[in-house]
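The values are calculated or read from the model by the stated rules, or taken from the named source; none is laboratory data. Model, not experiment: these values are computed from the prediction. Backbone-built Cβ (ideal geometry, glycine too); neighbour counts: all protein chains shown.
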């Protein structure tokens, strides 16, 4: 007997009882962003490794440790995408989407990072995101944040906290970086091994450390908001004013730096304390230099990405996740001629009652077994057709969730009767 093949660690199946929550979340995100004028772009799962090395940063943990990278048969280095912003920019440059245009785009799909699997952090994980190009002002920053707030409202999520920061321009950030290096060098003995490694590569990521033993030295670190260039400070103040006018609460977090090198000015995260260590469910910010960095014309840009698994888990934890929809009716044909007629009858009913959730019994069995499956389906009604009903051009409609008596309905009147029982229009 052959041995079963085990799944890859950190790469999970999404089972049928879980997919209704996924579908609902995806529908809400898609409908909301499209209502704001964002159009879908579908991006490849694989890209040239160079794309991510140039965009994310060669000395980031993602590029150094976490990407799935391999050589194809031509010897080209390819990587499964660890995030989608770089792919979105590459696609825009490839197809001229940024030439005298200001596209608003959204995407969805799996991303891949070789991380230690834990709750809320997987090696294959799903994201949905929105990106806007060619708009330099704080108004588009505010719009993208308010899009998120509207999604949370539609989903019924009330406990998400918005955290904001500004990283300034590359020039002001470089000056701040030097100040930060001097500070952490003076406190070198208080740093853990990971922070000491980052000190020479990406010192701002030290601010993101969750090590409680470093809390005091982190609290004393220079505040980036005190070192912003005047234009970035003005941009950030204007953004905060727009969010204030919209009545959206937020918290300024000067330790919020994000893990990707391409961010400039506005960065933000939506967080929750209900998911343990993996509290960020949606993150984003500006990356005004990335299009030019990847070979395009200078183009301001901003975007966000949300973690589908984390939001689904949050919806489940708060009791907001929908369950799988049960059928409206379960069609039970008896053996013989009724079984042969059942498929065509089911199709004609689906045509006549749009949206009708009709399950047809397949697989044979006795009457008792067929009715047991009808009951287990969760359907409100069973449609029972035997030889007598077939000869009389009728069907029995039996309630499964109430004590109401069953009734016999002619097939000609059945669509109208199902509309009355289950709701929905009848096509003439």
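Going through region 14-38 one residue at a time, which ones are over 16 Å from the mean Cα position of the chain (by Cα) and not in a helix (DSSP H, G or I)? Show your work before the answer.
Initial filter on region 14-38 (over 16 Å from the mean Cα position of the chain (by Cα)): 15-17, 35-37.
Selection gives 15, 16, 17, 36, 37.
Answer yes if at least one residue in region 356-374 is farther than 18 Å from residue 335 by Cβ and exposed (fewer than 13 other Cβ atoms within 10 Å of the Cβ), and no otherwise.
Looking for residues that are farther than 18 Å from residue 335 by Cβ and exposed (fewer than 13 other Cβ atoms within 10 Å of the Cβ), one finds none in region 356-374, hence no.
Restricted to region 77-130, and to residues that are without any contact (Cβ under 8 Å) to a residue 60 or more places away in the chain, more than 19 Å from the chain's Cα centre (by Cα) and assigned to a helix (DSSP H, G or I), which residue is farthest from residue 29 (Cα to Cα)?
94
Name the one entry in 173, 116, 121 that is crowded, with 21+ Cβ neighbours inside 10 Å and modelled with pLDDT under 90. Spell out the reasoning first.
On the way: 116 fails: crowded, with 21+ Cβ neighbours inside 10 Å; 121 fails: crowded, with 21+ Cβ neighbours inside 10 Å.
Answer to the check: 173.
Tally the residues that are surrounded by fewer than 17 Cβ atoms within 10 Å (Cβ to Cβ), more than 30 Å from the chain's Cα centre (by Cα) and in a loop (DSSP other than H, G, I, E, B), restricting the search to region 197-228.
The total comes to 5.
Would you check if there is a residue in region 8-30 being modelled with pLDDT of 95 or more and in contact with a strand residue (DSSP E or B) (Cβ under 7 Å, 6 or more places away or on another chain)?
For region 8-30, residues modelled with pLDDT of 95 or more and in contact with a strand residue (DSSP E or B) (Cβ under 7 Å, 6 or more places away or on another chain): present.
Could you grab me the full set of residues in region 124-151 that are surrounded by fewer than 18 Cβ atoms within 10 Å (Cβ to Cβ) and farther than 19 Å from residue 266 by Cβ?
124 - this is the single residue of region 124-151 that is surrounded by fewer than 18 Cβ atoms within 10 Å (Cβ to Cβ) and farther than 19 Å from residue 266 by Cβ.
Inspect region 381-388 for any residue being out of contact with any helix residue (DSSP H, G or I) (no Cβ under 7 Å at 6 or more places or on another chain), touching a residue at least 12 places away in the same chain (Cβ under 8 Å) and assigned to a loop (DSSP other than H, G, I, E, B) and give the result as yes or no. Talk me through it step by step, then tell me what you get.
At the first step, the residues of region 381-388 found to be out of contact with any helix residue (DSSP H, G or I) (no Cβ under 7 Å at 6 or more places or on another chain) are 383-384, 388.
From what's left, touching a residue at least 12 places away in the same chain (Cβ under 8 Å): 383-384.
Add one more test, that the residue is assigned to a loop (DSSP other than H, G, I, E, B), and what stays is none.
Within region 381-388 (the criterion being out of contact with any helix residue (DSSP H, G or I) (no Cβ under 7 Å at 6 or more places or on another chain), touching a residue at least 12 places away in the same chain (Cβ under 8 Å) and assigned to a loop (DSSP other than H, G, I, E, B)), the answer is no, since none of the residues qualifies.
Applying the selection to region 62-76, what residues are touching a helix residue (DSSP H, G or I) at 6+ places or on another chain (Cβ under 7 Å) and part of a strand (DSSP E or B)? Before the answer, list the steps.
Going through region 62-76, the residues touching a helix residue (DSSP H, G or I) at 6+ places or on another chain (Cβ under 7 Å) turn out to be 63, 67, 69.
If the condition is that a residue be touching a helix residue (DSSP H, G or I) at 6+ places or on another chain (Cβ under 7 Å) and part of a strand (DSSP E or B), then 69 is the only one that fits.
Which condition does residue 299 not pass, out of (1) within 30 Å of residue 266 (Cβ to Cβ); (2) in a helix (DSSP H, G or I); (3) touching a strand residue (DSSP E or B) at 6+ places or on another chain (Cβ under 7 Å), if it passes all the others?
For residue 299, the exception is condition (2).
Among 159, 139, 194, which is assigned by TED's automatic domain parsing to the domain that holds residue 249, part of a helix (DSSP H, G or I) and in contact (Cβ under 8 Å) with a residue 12 or more places away in the chain?
Details: 159 fails: part of a helix (DSSP H, G or I); 194 fails: assigned by TED's automatic domain parsing to the domain that holds residue 249.
139 is the lone residue from the list that is assigned by TED's automatic domain parsing to the domain that holds residue 249, part of a helix (DSSP H, G or I) and in contact (Cβ under 8 Å) with a residue 12 or more places away in the chain.
Within region 398-405, is there a residue that is over 44 Å from the mean Cα position of the chain (by Cα), within 19 Å of residue 344 (Cα to Cα) and in the same structural domain as residue 341 (by TED's automatic domain parsing)? Even if it seems obvious, please write down each step before you answer.
Filtering region 398-405 down to residues over 44 Å from the mean Cα position of the chain (by Cα) leaves 405.
Filter once more, keeping what is within 19 Å of residue 344 (Cα to Cα): none.
No, region 398-405 contains no residue that is over 44 Å from the mean Cα position of the chain (by Cα), within 19 Å of residue 344 (Cα to Cα) and in the same structural domain as residue 341 (by TED's automatic domain parsing).
Can you find even one residue in region 346-356 that is in contact with a helix residue (DSSP H, G or I) (Cβ under 6 Å, 6 or more places away or on another chain), over 27 Å from residue 19 (Cα atoms) and either outside the structural domain of residue 154 (by TED's automatic domain parsing) or modelled with pLDDT of 95 or more (or both)?
Taking every residue of region 346-356 in turn, at least one turns out to be in contact with a helix residue (DSSP H, G or I) (Cβ under 6 Å, 6 or more places away or on another chain), over 27 Å from residue 19 (Cα atoms) and either outside the structural domain of residue 154 (by TED's automatic domain parsing) or modelled with pLDDT of 95 or more (or both).
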